[in-house]
Amino acid sequence: MLGYVGIEAVLDQLKIKAMKMGFEFNIMVVGQSGLGKSTMVNTLFKSKMCKSTMPGLGVPTPQTLQLQSVTHVIEESGVKLKLTVTDTPGFGDQINNNKCWDPILGYISEQYEKYLQEEILITRQRHIPDTRVHCCVYFVPPTGHCSLRPLDIEFLQRLCRTVNVVPVIARADSLTIEEREAFRHRIQENLKTHGIEVYPQKCFDEDINDKILNSKIRERIPFAVVGADREHIVNGRCVLGRKTKWGIIEVENMAHCEFPLLRDLLIRSHLQDLKDITHNVHYENYRIFRLNESHVLPRGPGWVNLAPAPASIPAPAGPQASPRPPKVCWWAKDNSDEEC
């Protein structure tokens, strides 16, 4: 090149445009009551996003699973993030938990359907509102003495094929360091034995740098985390932590828990990748399934009519699809072994 052209200014243009539009991120937290889901979300984003759903004295436990979504706009250094958090109070709290995951899978599918219905319009919005779940944080009870429960295994097998799943060991301060590591290894063995692919999946590593970083993350999953939304003074420093009679558990101290690893994964290093995989893999699989299910698409005055969405969420019936582009859709129904 004979002189300066200014191609690098494209980065500034993209940044300015992105700052004007802002960003969207939708996260779901799943786990039994009392595992600190709401507190963990508040700790992640350092704001009062969620209120505790733990039933108090005289308040009955919910008889059915109830999904609750709350949306806030968080701004930091001029960057606006429209954050939607979906909580699942009542999951796994009943004596009979048969198919207790259906409302959760149904909600995820419903958000895909809303996006698809808007996308197939001939005249559609310039920016389609994105309510699709980009990440599901799955809270594992800190038993420390056994592996994943049958409920966890059966649900995770379905969940990981429809959304990005990040499992965590909740309330890790109730385990010793030795118990925590042994519990982590047993969970990793369970995930491998039952073919549960949690995020970040190996098949999505694009280059050597991604492979090195994601390999380190996969070694530590599930993260052992502790949530706290109160500040305490420790050695003259103001820290987030939980106060016990033995001292302060600092949630941002790696010697105490692995909350910093979870925060870095969800926000600082992989937030955009979570959105990309949701759009290019999970949503694309759903889109292929729905279009194939419609057979012949009739012409409408301003849109393409699809067949009604299935009442129950179709469960995947095969391995994870390839991200570029997915050639096979695994959104097959439970009573069918055919691939679409």
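Compute the length gained on full extension between Lys114 and Val70: take 0.36 nm times their separation in residues and subtract their Cα-Cα distance, giving the result in nm to one decimal.
14.0 nm
Quick one: what are the phi-derived ³J(HN,Hα) couplings along segment 107-116, Karplus 6.51/-1.76/1.60 with θ = phi - 60°, whole Hz, x for glycine and proline?
5, 4, 5, 4, 5, 4, 5, 4, 5, 5
Name the residues whose placed amide hydrogens come within less than 5 Å of the amide hydrogen of Val165, ignoring near sequence neighbours (fewer than 5 apart) on the same chain.
It is Cys136, Tyr199, by chain and number.
Determine ³J(HN,Hα), in whole Hz, for all residues of segment 155-162 in sequence, where each value follows from phi through the Karplus function 6.51 cos²θ - 1.76 cosθ + 1.60 and θ = phi - 60°; x replaces Gly and Pro.
Those phi angles translate into 6, 5, 4, 7, 5, 5, 8, 10 Hz.
At a Cα cut-off below 20 Å, give the aspartates and glutamates reachable from Lys80, other chains included and same-chain residues fewer than 8 away excluded.
Asp12, Glu24, Asp130, Asp264, Asp273, Asp276
Tell me which residues come under 5 Å, amide H to amide H, from Glu24 once H is placed; ignore anything under 5 positions away on its chain.
Lys82
Given H placed 1.01 Å from N in the peptide plane, which residues other than close sequence neighbours of Gly241 have an amide H under 5 Å from its amide H?
Here Arg230, His232, Val251 satisfy the definition.
Which whole-angstrom value gives the distance between the alpha carbon centres of segment 132-173 and segment 81-110?
Value for the Cα centre distance between the two parts: 12 Å.
Starting at the first residue of segment 72-88, write each ³J(HN,Hα) from the Karplus equation 6.51 cos²θ - 1.76 cosθ + 1.60 with θ = phi - 60°, in whole Hz, x for Gly and Pro.
Each residue's phi maps through the Karplus curve to give 9, 9, 9, 10, 9, 6, x, 9, 9, 10, 8, 9, 10, 10, 10, 9, 10 Hz.
Using packing as a proxy for protection, rank 252-262, 81-91 so that the peptide with the highest average count of other Cβ atoms within 10 Å comes first.
81-91, 252-262
Roughly how big is segment 159-289's charge dipole about its Cα centre, with Cβ charges of +1 (Lys, Arg) and -1 (Asp, Glu), in debye to the nearest 20?
380
Only sites in a loop by DSSP and with at most 12 other Cβ atoms within 10 Å count here; which GluC sites (Glu not before Pro) in segment 146-243 make the cut?
Those that pass, being in a loop and sparsely packed, are Glu206.
Quick note: the coordinates plus some simple rules give every number you see, no bench work behind them. For clarity, every value in this text was computed on a predicted model and none was experimentally measured. With ideal geometry, Cβ positions are generated from the backbone for all residues, glycine too; neighbour counts draw on all protein chains shown.
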